[in-house]
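Data first, discussion second: the structure below is written as structure tokens.
We did not get these values from a lab; they are worked out from the coordinates using the rules stated. Computed from a predicted structure; not experimentally measured. Ideal geometry is used to build each Cβ from the backbone, glycine not excepted, and the neighbour counts take in all protein chains shown.
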Amino acid sequence: MRKYLHILLVVLLAAACGPQRIPRDDMENIMADILLQDQQIKQDRELKKQADTSLVYEGIFEAYGYDTDDFLYSVEYYLANPAKMEKIMDAVADRLEKEAKVVAGEIRLDEWRRGYLRIYNMKVDTTRRPRPRVRQVDTLHVRFDNDRVYLYTVDSISMKDLDTLLFPPVDSL
């Protein structure tokens, strides 16, 4: 009886040691991490030289408690069911788009902070007194007539001439 129990235990352990299918939620997370890792490798020349994709992905699989065989088995399963694979990839795309928006917002906030820090850290010369900003401004007046345009300043003519220019007598029009 013990002999049969040992044989049954060995058979069950052998069956349990085979690749297992990764659930949809974990598969979405793994696929998103793989795509992010690929982008990181693509942008970094040093990583591109050193990267062996199976070794890079192995760390991702281990983070979720799976191995390469489990991943390959699951990919075969989901590719055999295209509707399920499409749902997974749509969820991955949505997740990555949301993460991209969050990262873009963080980058804008960081740039804004750096701009204010740059202003804050600017050295101000306190030994010089600021010059007053007083300017002499003359007002330029324009008057349109049927055949002429008159340009003048208030200082150049008297008030009587100004009334005549601005409001000519009715008979002269």
Whole-Hz couplings from phi, Karplus 6.51/-1.76/1.60, listed for segment 107-113; x for Gly and Pro: 5, 4, 5, 5, 5, 4, 4
Residue separation times 0.36 nm, minus the C-alpha to C-alpha distance between Ile119 and Val75: what's the value? 10.5 nm
In nanometres, what is the gap between the two model label sites at Thr68 and Asp38, each 7 Å from Cα along Cα-to-Cβ? 1.7
In nm, spacing of pseudo-spin labels at Arg95 and Lys49 (7 Å Cα→C-beta vector): 3.3
Local electrostatic count at Glu106 - Lys and Arg +1, Asp and Glu -1, tallied over other residues with Cβ under 14 Å: +2
What number comes out for the charge environment of Met31, summing +1 per Lys or Arg and -1 per Asp or Glu over other residues with Cβ under 13 Å away? -4
Could you grab the relative contact order for segment 19-120? Cα pairs under 8 Å, six or more apart, rounded to a whole percent. 37
